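Before any comments, here is the structure.
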Amino acid sequence: MEGNRRDNIVLPGTVVRFARIIAATALRRADAFFETLEKMPADPRRHVEALARAEGPHALYVHMPFCHQPLCRFCCFVRYPFDREMNRSYMKALAAEATWLASTAEAAKVPLVYIGGGTPSIDVYALAELVDVLRSYFGRGIDVSTEASPLDIDDEAVQVLRSAGVKRLSIGIQALSNERLRRLGRLSNTVEDALRAVEAARGRFETLNIDIVWGIASDTPETVYNEARRALELGASQVTFYPLMPAPGLRRLLRERREGPWHPMEPRLYEAVLQAARDAGYRPATPWCMDQGSELIDEYVVDYDRFLAIGLSAIGRTEGYIYVNTFTPERYVKLVAERGHAAALAKKLTVEEDMLYYASSMAFGLRWCPEQLRKRYGLLARGLNAMVAAALRILGEQKRDGSCYVLETPGSLYAAHAVQRSIYMAVNGLREWGMKTGA
Ligand code: SF4
């Protein structure tokens, strides 16, 4: 972080304050949205009708909820300790839900399948079988992106995944020192496991991503910069730097302790991530994903504002409609057996909700296209376009790429990061609620 200060990325205080204000507004709105959704059980008949209306390109998200033990303390995903029997029943139910989906959402095209978790790689042979089933329904040519634990990735696993046609592999490394892993509460693997996994996978997939988490209490700009540089030097095509995103339970605790949800040096830590990426020759594809020109990135929501979803806790969004599947493996298996799908919550989106979602995913993909928004949402888009365009100009952006702004100054990247973190924190709230209630 030292060296020529003129080249160092520095976020002005006004930019940080502005980003925090819009992030707080986004968090309030997103929390309120999910609290409403929690009170809206899915109506199976309407669910079928909504998915039968799905047309055109949709990504498909598949959730694999089982993980190696011990489960990571920092994690807000819906995940359960691996159990061979339960995993077997779950994989069968998943294939059955895929069958239901393919015959219901017949008019939807699925060019991309994103398999997340949990730990999809926990049984790579079962994963490869699932990919095969999905190809039989959604087309041989689908792009497949999957997450993996370093514990599972060795030469044999790489061969299985390559034969299944996995195009993008994302290894959840999270930290590159055993001390950081301990502080995060990631105890299922060591740094040595992580390095071995990267070694086995490097150069063998079209895109290799590694995930790193930042924002733990002991972080300083120097530790984050050094960690980021090490990660960027491992030879992956992209590195995604996730900030810690506490769910409401942890947020309450942090408030009581007069800490968080922001790390006291959070803007400096984000500067360190950007600085390390710039110094290593990587460019932001999202505020968190530092890339070297890959086709697929970690966040399928950037390229697909509409996505179908299967598996427990999976969230789908199609034209004017959002749904969330049930949160426990037992209930998931039972619901799929009874009715083919496992939707637990669903809501018809208002035009404003739809627009805010669309707009936030556009900004997360580092673009703002006023004309596109106006075409889709008419007069309703006017106020939002005027506000965002004014803010982007203050943050130093200009219209380019036809009629769109491309977000690339540190200020606008920081603002996009802050807003997206709020949205994901609210999603974590939904997950926390779902796990607690067993919805
Ligand atoms: S961080 Fe990943 S591996 Fe750890 S518990 Fe969460 S989903 Fe499982």
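The values are calculated or read from the model by the stated rules, or taken from the named source; none is laboratory data. Nothing here was measured: the structure is a model prediction, and the numbers come from that model. Neighbour counts run over all protein chains shown; Cβ positions are idealised from the backbone, glycine included. These area figures cover heavy atoms from the full protein model, side chains too; ligands, DNA and RNA do not enter into them. Shrake-Rupley method; radii C 1.70, N 1.55, O 1.52, S 1.80 Å.
Contact order normalised by length for the chain, with contacts defined as Cα pairs under 8 Å and 6 or more residues apart; what percent is it? Let's see the in-between values first.
Working: 800 pairs, mean separation 97.8, N = 439.
This gives 22 percent for the chain.
If R0 is 35 Å, what FRET efficiency do you get for Leu195 and Arg84 from their C-beta distance, rounded to 0.05?
It comes to 0.80.
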Along the Cα→Cβ direction, 7 angstrom out, place labels at Thr437 and Met265. What is the inter-label distance in nm?
4.0
For the stretch 281-439, what is the Kirkwood hydrodynamic radius in Å, using each pair of distinct C-alpha atoms?
17.3
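May I ask you to rank Leu269, Leu195 by accessible area, largest first, using a 1.4 Å probe over the protein chains only?
Working: Leu269 0, Leu195 65 Å².
Largest to smallest exposure gives the sequence Leu195, Leu269.
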Taking all pairs of distinct alpha-carbon atoms in the stretch 1-127, Kirkwood radius in angstrom:
19.0
Where does the stretch 101-204 land on Rg/Rh, using Cα atoms and the Kirkwood Rh?
1.05
Quote the convex hull volume per residue of the stretch 115-272, based on C-alpha atoms, as a whole number of Å³.
123
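Where both residues lie in the chain, what percent of DSSP beta bridges are antiparallel, nearest 5?
Numbers: 20 of 55 bridges.
Roughly 35 percent of the beta bridges in the chain run antiparallel, per DSSP.
Taking R0 as 22 Å, what's the FRET efficiency between Leu380 and Glu319 from their Cβ-Cβ distance, rounded to 0.05?
For Leu380 and Glu319, the calculated efficiency is 0.85.
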Taking every eigenvalue of the Cα gyration tensor of the stretch 155-219, multiplying by 5 and rooting it, what semi-axes result, largest first, whole Å?
26, 12, 8
Rg/Rh for the stretch 301-368, where both radii come from Cα atoms and Rh is the Kirkwood radius:
1.07
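Equivalent ellipsoid semi-axes for the stretch 386-439, as square roots of 5 times the alpha carbon gyration tensor eigenvalues: give them largest first, rounded to whole Å. Each step should come with its number before you reach the end.
Values: eigenvalues 230, 22, 15 Å².
Each semi-axis is the square root of five times an eigenvalue, giving 34, 11, 9 Å.
Given Cα pairs under 8 Å that are at least 6 residues apart, what percent is the relative contact order of the stretch 121-208? Intermediate values should be presented prior to the final figure.
Details: 108 pairs, mean separation 29.1, N = 88.
Reported relative contact order: 33 percent.
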Radius, Kirkwood style, for the chain when every pair of distinct Cα atoms is counted (Å)
22.2
Projected onto the charge dipole of the chain (+1 at Lys/Arg Cβ, -1 at Asp/Glu Cβ, origin at the Cα centre), which of Met387, Ala128, Pro264 gives the Cα projection farthest towards the positive end?
Met387
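Only helices at least 18 Å long along their own axis, judged from Cα atoms, and with Kyte-Doolittle mean hydropathy of 0.5 or greater: name those in the chain from DSSP H. Walk me through the intermediate numbers first.
Details: long enough: 13-37 (36 Å, 0.67); 84-104 (30 Å, -0.39); 124-138 (20 Å, 1.03); 266-280 (21 Å, -0.46); 351-364 (20 Å, 0.25); 380-394 (23 Å, 1.21); 410-437 (40 Å, -0.13).
Span-like helices in the chain: 13-37, 124-138, 380-394.
What size of dipole, in debye to the nearest 20, comes out for the chain about its Cα centre when the only charges are +1 on Lys and Arg C-beta atoms and -1 on Asp and Glu C-beta atoms? Before the final figure, lay out each step's value.
Numbers: 56 positive and 53 negative charges, 262 e Å.
So the magnitude is around 1260 debye.
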Mind listing the Cα extents of the stretch 338-384 along all three principal axes, in Å, largest one first?
45, 23, 13
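Could you work out what % of the accessible surface of the chain is carbon and sulfur, using a 1.4 angstrom probe and leaving DNA, RNA and ligands out of the count? Don't jump to the answer; show the numbers that get you there.
Details: 9960 of 18680 Å².
Of the solvent-accessible surface of the chain, carbon and sulfur hold 53 percent.
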Which of the listed residues, Thr14, Pro81, Ala32, is farthest toward the dipole's positive end in the stretch 1-101, when Lys, Arg count +1 and Asp, Glu count -1 at the beta-carbon?
Thr14
The chain: Cys lacking any partner C-beta under 4.7 angstrom
Cys67, Cys76, Cys289
Tell me the label-point distance for the pair Glu179, Glu371, using the 7 Å Cα-to-Cβ offset, in nm and rounded to one decimal.
5.4
Per q in 0.19, 0.25, 0.30 1/Å, what log10 I(q)/I(0) does a Debye calculation on the alpha-carbon atoms of the stretch 28-71 return?
-0.98, -0.97, -0.97
Of the candidates Met265, Met425, Met362, which one comes out as most mobile in a Gaussian network treatment of the chain with C-alpha springs shorter than 10 Å?
Met265
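With every protein chain left in place, what is the accessible area per residue of the chain in square angstrom, probe 1.4 Å?
Details: 18680 Å² over 439 residues.
Counting only protein heavy atoms, the per-residue value for the chain is 43 Å².
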What number in nm² do you get for the stretch 179-247 if you take the convex hull of its Cα atoms and divide its surface by four?
5.1
Say a paramagnetic label sat at a point 7 Å from the Cα of Tyr137, along Cα to Cβ; which residues of the stretch 63-79 have their backbone N under 13 Å from it?
63
Placing each pseudo-label 7 Å from Cα in the direction of the beta carbon, Glu330 and Arg202 end up separated by a distance in nanometres of 4.6
